[in-house]
Structure formats: structure tokens, C-alpha cells
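We did not get these values from a lab; they are worked out from the coordinates using the rules stated. In this text, all values refer to a predicted model and were calculated from it rather than measured experimentally. Cβ sites come from the backbone with ideal geometry, for glycine too, and all protein chains shown count toward neighbours.
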Amino acid sequence: MYKEILFPFDGSDGAADVLHHAAEIANWADGTIRLLYVADTTEISTTRVGGDVVDGLVEQGEEILETATATLDTLGTEYATDVVQGAPAKTIVDYAERYEHDVIVMPTQGRTGLSRYLLGSVTEKVVRLSETPVLTARMQPDEKLAYPYERLLVPTDGSSAAEKAATHALDLAATLDATVHVLSVVDIGPHGPDVPLKSLTAAAEDVASEAVDTVANAAQRRGVDDVHTHVEYGSPDAEILEYVESEDVDAVVIGTTGRRGVERILLGSVTEKTVRSAPVPVVTVHGTDETSTSV
């Protein structure tokens, strides 16, 4: 499913760690990784040598990519490389769309950074903007990411964005023969967990139940048989993280919503917190509430 992988690489420890995981995915799918270095045109990086303009960041990018290619050579992974100039987030998003990559893989944090842009705001902007699914991951101390994923968590609130993400998750589950856990959370807000459940509106409970049933029915139609549905009560982002830990989930597939444009984009706070905090890879799938989709 993820045969054409785009991996923006900046040489940081975080990127280097996650590169191994991307190689696992590529090797499993007999796929290819495109290593991309974006020379940030917002940086002052050009000098003139003998009448020719030489961009220091471009040269630095070529050197940095050599370290990544050495790693992929060792791992036996097919790859290609490219160094381009532009604003990082937009360039990454446009590049993935232009060359029809199946997924963008990016780290969410790192211990050091020759270039900080991939580890903070740029990763978040790519998640917000990208029509291509984005797999974000961060390495934990003494932890190793593993592929193929055996257990996928699909949070849903019944929105069109969540349904689009669920469609992607079910396709991935069918490819990997993975177990699917479908979770909808009734947000109890400021009332707290000690408030009797009867005080929650029946409408909210009905929406949550309908949301998980919709995904479960779609899974059955696709031949994905190992599906577990859950409706929980609490703060959605906290319940997602708790479920990841308690059920030993390998990856989360979740939807984003918004309009194109870095400044105008809206990223749901639950998705944003999950991307930042989850101890497992998170696949974000772009959707809009204006467009009706159905799993």
C-alpha cells in the first residue's frame, strides 16, 4: 500500500531514527523511498563564487542526504534522492502530490537538529496541508518501531474527515491483515468522570455508537474480520492515548480537517495532540467537513 514513500530528511537524530522505520515499510512493500532535502529559501544562504551563485544550503543538503543513502544501502532499501529549494512545508506537500507518493513519513521530534524545521512547525504544517497521507513517528528511549502493524486504532466521531481516515485505515488493515480497534469518545467536558452517565446527552451517545458501527460495517464489507468497537467517556485525546497504551496498539489512523493555506488551515485539536503525544506512529488523512464521504 505504501510503495512510493516520500521522506523529507534533515540529518537530525529524530529523522535518522525514523528513517529505519520507513525502510522497513518500503522493504515490506517492495517499495521505494524518495529522500528529499528542502533548501529553505527563507534562509540567507547564497554566495557568489566566480560569477556563479552557489547556495550553501543546497550543498549542505546533498551532503546530508549522503548519510541517509548510506543507511538505506545497508538496509537494502531502494531509494532516490532530490534536493530542491522552497518554503519547506509547501514544497514537501506539493512534491508529494506532483509525484503521486503514497505516503509522507516524517519525525515529530529529535534530540538534535542541523535543521529545526522538520521537527516542529513544518511537520505540523505538512500534516495540516497534505492531501497525501502523512505518517509521523517519534522514537522513544529503548524502543523500536515495528512493521507490519498488527493492531490499528481508528478514532472516529462520525464526521466526514473521520470516515475518510477510516477508509484508509481499513485498506491498510486489509493489506497488513491487522486487527482494527474503532474508538469513539463521548466528550464529558468539564463535568468530569464522576458525573453519572445519564447526565450525558443521549444524542452524543447515539452519535458515538453510530460512528463505530459505521466503521465496523465497512470493515465487514471489506473482509476485515478482526474488528473491536469501543465507546468511551472522557477527554478524546486522553482516551486515545490511554487506549494506545492499554491495548498495545501499533499505530493510529486519524483524520484532519481544514482548508488549503498555511495560515488558514484548521487542524482538530484532538488530532494535533495525538500527533504530538502518541508513542506510536500516527497516520493522518486529510478530509474536509464540507465534502461528504462514506466508508
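Things to note:
- Projected label points at residue 187 and residue 203, each 7 Å from Cα along the beta carbon direction, are separated by 1.5 nanometres.
- At an R0 of 30 angstrom, the distance between the Cβ atoms of residue 41 and residue 13 translates into a FRET efficiency of 0.75.
- Gained length - residue 20 relative to residue 247, 0.36 nm times residue gap less alpha-carbon distance: 79.3 nm
- Each label point was placed 7 Å from the Cα along the Cα-to-Cβ direction; for residue 32 and residue 70 their separation is 2.5 nm.
- Subtracting the Cα-Cα distance of residue 177 and residue 78 from 0.36 nm times their residue separation leaves 33.2 nm of extension gain.
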